[in-house]
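This report refers to the structure that appears directly beneath it.
The values are calculated or read from the model by the stated rules, or taken from the named source; none is laboratory data. Since this is a predicted model, take the numbers as computed values, not measurements. We place every Cβ from the backbone using ideal geometry, glycine too, and count neighbours over all the protein chains shown.
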Number of protein chains: 2
Amino acid sequence: MTELSVNGADAVLLRRLRLLSVVDALRRTGPQPLTALARQTGLSRPIVQTLADELTEIGWVAAVAPAEPNGVGRPARAFRFRAEAGSVAGLDIGAHAITALVADLDGEVRGRSRITVSPSTPAAERLASAKATLTEACTAAGLEPARLSQLGVASTGVIEHSGRVALSVALPGWTGIDIPAAFADTVRCPVVAENDGRAAALAERWRGAGRDVEDMVYIHAGFRTGNGVFVGGRLLRGHTGAAGEIGALPSSGWAEAPTHLLGFSGLDEEVRLEQTAEFVFSRARAGDPTALVATERFVRALAGGIAALVLTFDPELVVFGGGISRSADLVLDRLTAELERDCIRVPPVVASSLDAEWVVLGAVRVALDAIEARYFATGISEPLAPPPIAA
Amino acid sequence: MTELSVNGADAVLLRRLRLLSVVDALRRTGPQPLTALARQTGLSRPIVQTLADELTEIGWVAAVAPAEPNGVGRPARAFRFRAEAGSVAGLDIGAHAITALVADLDGEVRGRSRITVSPSTPAAERLASAKATLTEACTAAGLEPARLSQLGVASTGVIEHSGRVALSVALPGWTGIDIPAAFADTVRCPVVAENDGRAAALAERWRGAGRDVEDMVYIHAGFRTGNGVFVGGRLLRGHTGAAGEIGALPSSGWAEAPTHLLGFSGLDEEVRLEQTAEFVFSRARAGDPTALVATERFVRALAGGIAALVLTFDPELVVFGGGISRSADLVLDRLTAELERDCIRVPPVVASSLDAEWVVLGAVRVALDAIEARYFATGISEPLAPPPIAA
């Protein structure tokens, strides 16, 4: 049997797969002439032409002038994916700052904005600042917030799948906030919310040191320590969204870790809390023995929880990110030595290759993933099994 | 566009999907007449009839006499999945015993065998005993080992995806054994190997307390403590197969836990190591205060590592299995109280509903999963996205 006539459900499925395969080919490999598209999708040239025309009409695809004419006759028709068909925004609502990025559907940043807030800023004021920052980033991208296709919000705390903050100890009044509902007066698009450590992990796997890594433990080390874990390419979120909270366990050492830096005896009084780490590390780099001891104790404390994650997940790679990763030169060797003492198998431990904006970039990725699931998922995740044969 | 004519790759894909959808319908809902099959698969009756005939010819399906004639005329033709089209075996190679089960493709057990070994049995002898046990179970099922379609082996230690034992501290000479290669002289089918704690978790999710649970932490508590974790319905194995080794961390308490039972002062000298737990628990049940203290210390020690897993995974359910789960009446409340002290969200903690053979049943499931992937996977894992529309 090599030919079938199909109708009904089969025909709808096939047509959808074909439309998506054309969109997918253009998104992956950029603008292409019809002949190349036909080769890549395995469809005939006339069918690809019909599909491309249909996609052009609904706005996913646009005709482009071919780079070079193909010798004789009229130039080959070529098409591109219209990344400008939608816009997404990512928002990082932190203790000290709020950052917003607006991007197109390829993730190219088109506008940004950032403001400073205080850890003690009340929730209502923090939300109002977040909306103002988002609006500014949209303005910079030449867009009304109401025209966004998707908003991704990253923030500290345990965030449920629905986007409600189940628990936040870092931000006053933050527990109980329903993030999507809070933005309903500013945007008209769907809103997804994600824990900041997990958002940073998404950024790292998208554009940082974790590219193409299926099983990754990402550590987000600032004054607080967060994490995000990928299992088989999927971010671990947990049944209610509360995964990744091993830091709550005293034996993880994560709650205790900053005290080793804060307790550094040579610390000038005027050094602000969030600069303490950098200050201690700069002294350690200069050879100050007390600062070196503080650094070692800090790393040893962090290593407890990281060893638990390495033993639990057996990852391909550990990526060390967040503000502290700027001092990775002092941390990585010590951390690896601690892990080698505690773990059965120690994967490579590398520093983040992003140097800031981990969380807000992750919020953009959260928004793009939502777009991906809504418009571009085919539901076919792996090759078909071989045809059944009797055992 | 409501009708398409397809050929080539599309036709092969469609035909395969249709064959699999018929096999799948029969496997899920049992023997069915053609009309019901047509309804369930959404295909026309003549197409289903052609597919059923083809599946009968290659051996996946057999015609059955319908339960009742349908009133007038000849009885409706009905079909069933031929679970006897293949046989799988599960083998549990443990420190104290080796158990083998032979099952059909529905997982119905057709033969079994078990022998006792010693923790000090050398590796070569343990393997020879395992092969003898496997052969006995096959004989009980009326089958040569060479006729098996798939063998699943579960054993203690860190087992790589390839089936090589990367590390085993419990069995002498076991580190470095290549399990599939070791069985090449006994079976002709593919062999997969799995860690015993993970195998037990598979059994629990298949036929125990974890049915239909997507995110589950399973604790396999015997004198050694193992575990298996499901994330989104998939068993966590790690990049090299070494996931789930949090027990290696002293702060997990798992290595220390048995000492609280072994140290029980009222212990008779002749009590064998593997009966110690049962002995202490029976005294605790009788109200012996020293035994109660030992029990409490044992549970508190276990709770350290379990709390780390609960905080890390945020599971829907924790299942407590293995030999110690026979004393779940003494363990569960105490364990839950410990978790409530340490964790942000405590899921229900329940006892295994299997009362033995966790590991060997899991080995059968490992074998059936391999069969599933080889013959029955469609590659379509979720519904198709809606057709693309411009944002």
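Summary of computed values
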{"quantity": "Residues of the range A:316-349 satisfying the condition of being in contact with a Ser or Thr (Cβ under 8 Å, 6 or more places away or on another chain) and either of a type in the set (F, W, Y) or in a loop (DSSP other than H, G, I, E, B) (or both)", "calculated": "A:F320, A:G322, A:R345, A:V346"}
{"quantity": "Qualifying residue in the range B:305-312 (condition: in contact with a strand residue (DSSP E or B) (Cβ under 7 Å, 6 or more places away or on another chain) and either assigned by TED's automatic domain parsing to the domain that holds B:A97 or surrounded by fewer than 21 Cβ atoms within 10 Å (Cβ to Cβ) (or both))", "calculated": "no"}
{"quantity": "Qualifying residues in the range B:131-169 (those that are in contact with a Pro (Cβ under 7 Å, 6 or more places away or on another chain) and not small (G, A, S)) - the one nearest to B:G228 (Cα to Cα)", "calculated": "B:Q150"}
{"quantity": "Pairs, first assigned by TED's automatic domain parsing to the domain that holds B:I47 in the range B:8-19, second among the hydroxyl-bearing types (S, T, Y) and at pLDDT 70 or above, C-beta under 8 Å, six or more apart", "calculated": "B:R18/B:T41"}
{"quantity": "Residue in the range B:223-236 that is modelled with pLDDT under 95, closer than 29 Å to B:G305 by Cα, touching a helix residue (DSSP H, G or I) at 6+ places or on another chain (Cβ under 7 Å) and surrounded by fewer than 21 Cβ atoms within 10 Å (Cβ to Cβ) present", "calculated": "yes"}
{"quantity": "Yes/no for A:F281 being modelled with pLDDT of 90 or more and buried (at least 16 other Cβ atoms within 10 Å of the Cβ)", "calculated": "yes"}
{"quantity": "So B:S162, is it in the same structural domain as B:V364 (by TED's automatic domain parsing), modelled with pLDDT under 95, closer than 27 Å to B:G244 by Cβ and exposed (fewer than 15 other Cβ atoms within 10 Å of the Cβ)", "calculated": "no"}
{"quantity": "Of all residues making up the range B:156-165, the number that are within 19 Å of B:D92 (Cβ to Cβ) and touching a residue at least 60 places away in the same chain (Cβ under 8 Å)", "calculated": "4"}
{"quantity": "Given (1) away from every other protein chain (no Cβ under 14 Å); (2) in contact with a helix residue (DSSP H, G or I) (Cβ under 9 Å, 6 or more places away or on another chain); (3) among the acidic types (D, E), number of the condition B:D106 does not satisfy", "calculated": "(1)"}
{"quantity": "Number of the exception - B:F223 against (1) assigned to a helix (DSSP H, G or I); (2) more than 19 Å from the chain's Cα centre (by Cα)", "calculated": "(1)"}
{"quantity": "Lone unmet requirement of (1) surrounded by fewer than 21 Cβ atoms within 10 Å (Cβ to Cβ); (2) in a strand (DSSP E or B); (3) not aliphatic (A, V, I, L, M) for A:K131", "calculated": "(2)"}
{"quantity": "Count of residues meeting criterion [more than 17 Å from A:G86 (Cβ to Cβ) and either exposed (fewer than 13 other Cβ atoms within 10 Å of the Cβ) or of a type in the set (K, R) (or both)] in the range A:43-64", "calculated": "3"}
{"quantity": "Close pairs from the range B:238-250: first assigned by TED's automatic domain parsing to the domain that holds B:L309 and surrounded by 24 or more Cβ atoms within 10 Å (Cβ to Cβ), partner part of a helix (DSSP H, G or I) and charged (D, E, K, R), Cβ under 8 Å, at least 6 apart", "calculated": "B:G244/B:R198"}
